[in-house]
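All remarks here apply to the structure that follows.
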Amino acid sequence: MAAEKSGDKMCLGVPGKVVRIDENPLGMTMGKVNFGGISKDVCLAYVPEAKVGDYVIVHVGFAISTLNEEEAKSVFEYLKQIGDLDGLQIT
Amino acid sequence: MKYIDEYRDAETAKKLADMIRSVTTREWTMMEICGGQTHAIVKFGIDHLLPKEITLVHGPGCPVCVTPLEIIDKAVAIAGREEVIFTSFGDMLRVPGSQKDLLKVKSEGGDVRVVYSPLDALKIAQQNPSKKIVFFAVGFETTAPANAMAVWQAREMGVKNFSILASHVLVPPAMEAILSSPAHRVQAFLAAGHVCTVMGYEDYYPIAEKYSSPIVITGFEPVDILQGVYMAVKQLEERRVDVENQYSRAVKREGNVPAKKLLSQVFDVIDRKWRGIGMIPKSGWGLKAEFAEHDAEKVFDVVGIEAQESPLCIAGEIMQGLKKPHECVAFGRECKPEHPLGAPMVSSEGACAAYFHYGRVNA
């Protein structure tokens, strides 16, 4: 998905992969985040826990959260359980 | 793209829609707060997947739409000044002021530039020391940490020619304003995922309890919204009132702690006027006095600008979920994206723009 047009959507947060982290003396850590092939400079100051390879949500040039891989799967596992239960209800 | 494609999977969406149908026994009305959610609902036709008993009404979560006319007029006044380079997100340039919009100021020779981030505006300020650079800092809690960092860095680096014209608003007070108006019909909320990514969702428990209104923190993709609706309907059907977190991959209960810390150091909570709704106490952020030299309302003499709304525009009722865009007499006639009467027709997150763009002319 092309990175959003310049600030087109106000609350849009786009998930991307951290590919580089540059420490910054002014406490404003910057880095590179890749969005399906497009890399952008992103401020990582608000996600000090982020490491290269992590996924983050980026909004107007700032990472506002790291993405939790386990939680990301939860909706699909829940549906699978329900699917398995449906399968058990043999009438 | 990871964390997007799987949440647009048709099979998963269909399964969730079937689950919603299986638990729905009565009519329910719920409001999605964020304009980004409104656009996903209309774009992917999610409302058409739902049983007819469920009505989704669109909330005030479009930062462009709620920006008061006076702030637009102040922006127009500042942007027209010789010594100013005025920077903003793209959406704000086409929002109609009393006389004109920022695009018109640009066509008349004003230096008005679209930027992707407030840090871009800060760079422009460093590259143009003889000019005064202003950034139009509009948005909800999602965007405020970016603007707070730009102001903080400007002070740390001594970039004195950088200021922001701030119009920040907060979601919880808007929810309370909607829930306390007698005409409202909202029974549950899909709360704005990225607002809660920053702020967490502690503030929502007192609202859920006081107004007996289930609240589900919801993401922006079809699977997110359908699961959010399912969680809300189950609460309503089981007479439960709780705050649940559907968007758990990106939202923690405490939110983003470093972001909230900087917000508290840069902004004060203040009363804010919401376009179409009116003054809501303690519903916005303004720069603290110690950052006055980075506060465009203080740097430039723009006080006392009063403005008149177009009488035809029913933006206020639309943003409170009382009316839908196609119920407006001007929709698609006097009011179109090319010549919008109100901001919801301009913004890419506005309900009217969504209905017009995706051809929703009757429902």
Quiz item: Yes or no: B:Ala77 open to solvent by 10 Å² or more (accessible area, probe 1.4 Å) and in contact (Cβ under 8 Å) with a residue 12 or more places away in the chain?
Solution: yes
Quiz item: Does the stretch B:256-263 contain at least one residue that is of a type in the set (A, V, I, L, M, F, W, C) and under 18 Å from the mean Cα position of the chain (by Cα)?
Solution: yes
Quiz prompt | Of all residues in the stretch B:194-213 being out of contact with any Asp or Glu (no Cβ under 7 Å at 6 or more places or on another chain), in a helix (DSSP H, G or I) and within 14 Å of chain A (Cβ to nearest Cβ), the one that is nearest to B:Ile46 (Cα to Cα) | solution = B:His194
Exercise. Would you mind finding the one in B:Ser22, B:Ser98 that is part of a helix (DSSP H, G or I), open to solvent by 20 Å² or more (accessible area, probe 1.4 Å) and hydroxyl-bearing (Ser, Thr, Tyr)?
Key: B:Ser22
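Residues are listed down the side, and each one gets a yes or a no for (1) open to solvent by 40 Å² or more (accessible area, probe 1.4 Å); (2) within 30 Å of B:Arg155 (Cα to Cα); (3) assigned to a loop (DSSP other than H, G, I, E, B):
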| position | (1), (2), (3) |
| --- | --- |
| B:Val223 | no, no, no |
| B:Tyr230 | no, no, no |
| B:Glu254 | yes, yes, yes |
| B:Leu262 | no, yes, no |
| B:Asp271 | yes, yes, no |
| B:Gly284 | no, yes, no |
| B:Lys298 | yes, yes, no |
| B:Gly316 | no, no, no |
Quiz prompt | Among (1) in contact (Cβ under 8 Å) with a residue 24 or more places away in the chain; (2) basic (Lys, Arg); (3) surrounded by 15 or more Cβ atoms within 10 Å (Cβ to Cβ); (4) more than 9 Å from every other protein chain (Cβ to nearest Cβ), the one test that A:Arg20 misses | solution = (3)
Self-check item: Checking B:Thr38 against (1) within 11 Å of chain A (Cβ to nearest Cβ); (2) open to solvent by 10 Å² or more (accessible area, probe 1.4 Å); (3) in contact (Cβ under 8 Å) with a residue 60 or more places away in the chain, the condition it does not meet
Solution: (2)
Exercise. All but one of (1) in contact (Cβ under 8 Å) with a residue 24 or more places away in the chain; (2) part of a helix (DSSP H, G or I) hold for B:Leu93, so report the exception by its number.
Key: (1)
Exercise. Residue by residue through the stretch B:98-121, note down the ones that are closer than 16 Å to B:Ala296 by Cα and at the interface with chain A (Cβ under 10 Å from one of its Cβ atoms).
Key: B:Pro118
Quiz item: Pick from the stretch B:321-360 the residues that are open to solvent by 40 Å² or more (accessible area, probe 1.4 Å) and touching a Pro at 6+ places or on another chain (Cβ under 9 Å): which of them is nearest to B:Pro96 (Cα to Cα)?
Solution: B:Leu341
Quiz item: Taking B:Glu156, is it among the acidic types (Asp, Glu), under 26 Å from A:Ile57 (Cβ atoms) and part of a helix (DSSP H, G or I)?
Solution: yes
Self-check item: Selection within the stretch B:318-357 - acidic (Asp, Glu) and either modelled with pLDDT under 85 or in a helix (DSSP H, G or I) (or both)
Solution: B:Glu327, B:Glu338, B:Glu349
Quiz item: Is there any pair with a first residue in the stretch B:339-354 that is under 11 Å from B:Pro63 (Cα atoms) and a second that is part of a loop (DSSP other than H, G, I, E, B) and open to solvent by 10 Å² or more (accessible area, probe 1.4 Å) whose Cβ atoms are under 7 Å apart and which are 6 or more apart or on different chains, and what are they?
Solution: B:Ala343/B:Arg275; B:Ser348/A:Asp8; B:Ser348/A:Lys9; B:Glu349/A:Lys9
Practice problem: Taking the residues in the stretch B:156-177 that are within 11 Å of chain A (Cβ to nearest Cβ) and out of contact with any Pro (no Cβ under 9 Å at 6 or more places or on another chain) as candidates, determine which candidate is surrounded by the most Cβ atoms within 10 Å (Cβ to Cβ). | Solution: B:Met157
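The values are calculated or read from the model by the stated rules, or taken from the named source; none is laboratory data. Treat the numbers as computed from the prediction; the structure is a model and nothing was measured. Counting neighbours? That spans all protein chains shown, and the Cβs are built from the backbone with ideal geometry, glycine included. Protein only, heavy atoms only, side chains kept; ligands, DNA and RNA dropped before computing areas. Shrake-Rupley method; radii C 1.70, N 1.55, O 1.52, S 1.80 Å.
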